[in-house]
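Engineer: The structure under discussion is supplied below as structure tokens; questions concerning it will follow.
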Amino acid sequence: MGRRAGRGYSSYDRKIPIIATGLRNLREHGPNGPVFLRFGRTHMQPLRDAIGNPRRDAVLARRVERARAQQEEYQEQLRRAAEQKRAEHEAARPACAGCGTKFDNDRWENTRLSPAPGHRWHPTLCQPCEAKTVAAADQAERDRLEAEAAATAEKARGWRSRFRPGQAP
């Protein structure tokens, strides 16, 4: 006889099952049919069920199913948390002040490492807009230097013309 081990089943550990059958039942149903009677039970069973513990197997299968369902639920929670973290990360991604496109990962990392703007560094602009801004600044500087050189040359020409005879100021 087994001892009560859990909900709905008995444990037969360290017990030897005693089963019986008759030749007539074996001839009629074959060795795989319900022809074995385990002492303490009231109905004929196939051999595996007669020597096994189907109630325990069912309880253990339900436990495994519950554990699997809990594991799936936990994995789903982890997936949702990771998805939420990615969404928050993307929401914090800065956009270009010039054209409005979102920064790529490298640009975003560079702006976090060096947030102070410089002559050729504009952390609020994407790379194409920054290139246009730097090119425009360089062109403006060249234009300013050319205008300054032209003004200086004009002053020098005007000063020299005062001392040359026959030249009108």
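The values are calculated or read from the model by the stated rules, or taken from the named source; none is laboratory data. Quantities reported herein were computed from a predicted structural model and do not represent experimental measurements. Ideal geometry is used to build each Cβ from the backbone, glycine not excepted, and the neighbour counts take in all protein chains shown. To get the accessible areas, we keep the full protein, side chains included, count just its heavy atoms, and leave off ligands, DNA and RNA. Shrake-Rupley method; radii C 1.70, N 1.55, O 1.52, S 1.80 Å.
Engineer: Residue check: is R55 of a type in the set (D, E, K, R), in a helix (DSSP H, G or I), surrounded by 12 or more Cβ atoms within 10 Å (Cβ to Cβ) and modelled with pLDDT under 90?
Structural biologist: Yes: the conditions hold for R55.
Engineer: Step by step: first the residues of the stretch 120-135, then only those that are among the aliphatic types (A, V, I, L, M) and surrounded by 14 or more Cβ atoms within 10 Å (Cβ to Cβ), then the one that is nearest to G100 (Cα to Cα). Which residue is that?
Structural biologist: Checked the stretch 120-135; the qualifying residue nearest to G100 (Cα to Cα) is L125.
Engineer: So, one more: Quick one: is A153 open to solvent by less than 70 Å² (accessible area, probe 1.4 Å) and not β-branched (V, I, T)? Please lay out each step first, then the result.
Structural biologist: Details: open to solvent by less than 70 Å² (accessible area, probe 1.4 Å): yes; not β-branched (V, I, T): yes.
So A153 fits the description; yes.
Engineer: Given the structure, is R63 of a type in the set (K, R), over 19 Å from the mean Cα position of the chain (by Cα) and open to solvent by less than 50 Å² (accessible area, probe 1.4 Å)?
Structural biologist: no
Engineer: Also: Just one of the numbered conditions (1) closer than 30 Å to H89 by Cβ; (2) open to solvent by less than 60 Å² (accessible area, probe 1.4 Å); (3) free of Cβ contacts under 8 Å to residues at least 12 places away in the same chain; (4) more than 31 Å from the chain's Cα centre (by Cα) is not true of D138; which one?
Structural biologist: (1)
Engineer: Just wondering, is there one or more residues in the stretch 107-114 that are modelled with pLDDT under 85, farther than 24 Å from A91 by Cβ, outside any strand (DSSP E or B) and open to solvent by 60 Å² or more (accessible area, probe 1.4 Å)?
Structural biologist: So the first thing to find is which residues in the stretch 107-114 are modelled with pLDDT under 85, and the list is 107-114.
Those still in the list that are farther than 24 Å from A91 by Cβ too: none.
The answer is no, given that none of the residues of the stretch 107-114 is modelled with pLDDT under 85, farther than 24 Å from A91 by Cβ, outside any strand (DSSP E or B) and open to solvent by 60 Å² or more (accessible area, probe 1.4 Å).
Engineer: Now a separate question. Of the residues in the stretch 91-106, how many are over 23 Å from the mean Cα position of the chain (by Cα), surrounded by fewer than 12 Cβ atoms within 10 Å (Cβ to Cβ) and of a type in the set (G, A, S)?
Structural biologist: Going through the stretch 91-106 one residue at a time, the tally reaches 1.
Engineer: Any residue in the stretch 69-90 that is of a type in the set (F, W, Y) and within 28 Å of the chain's Cα centre (by Cα)?
Structural biologist: yes
Engineer: Something else about it: Answer with yes or no whether V64 is of a type outside the set (S, T, N, Q), assigned to a helix (DSSP H, G or I), closer than 30 Å to P17 by Cβ and out of contact with any Asp or Glu (no Cβ under 8 Å at 6 or more places or on another chain).
Structural biologist: Details: of a type outside the set (S, T, N, Q): yes; assigned to a helix (DSSP H, G or I): yes; closer than 30 Å to P17 by Cβ: yes; out of contact with any Asp or Glu (no Cβ under 8 Å at 6 or more places or on another chain): yes.
So V64 fits the description; yes.
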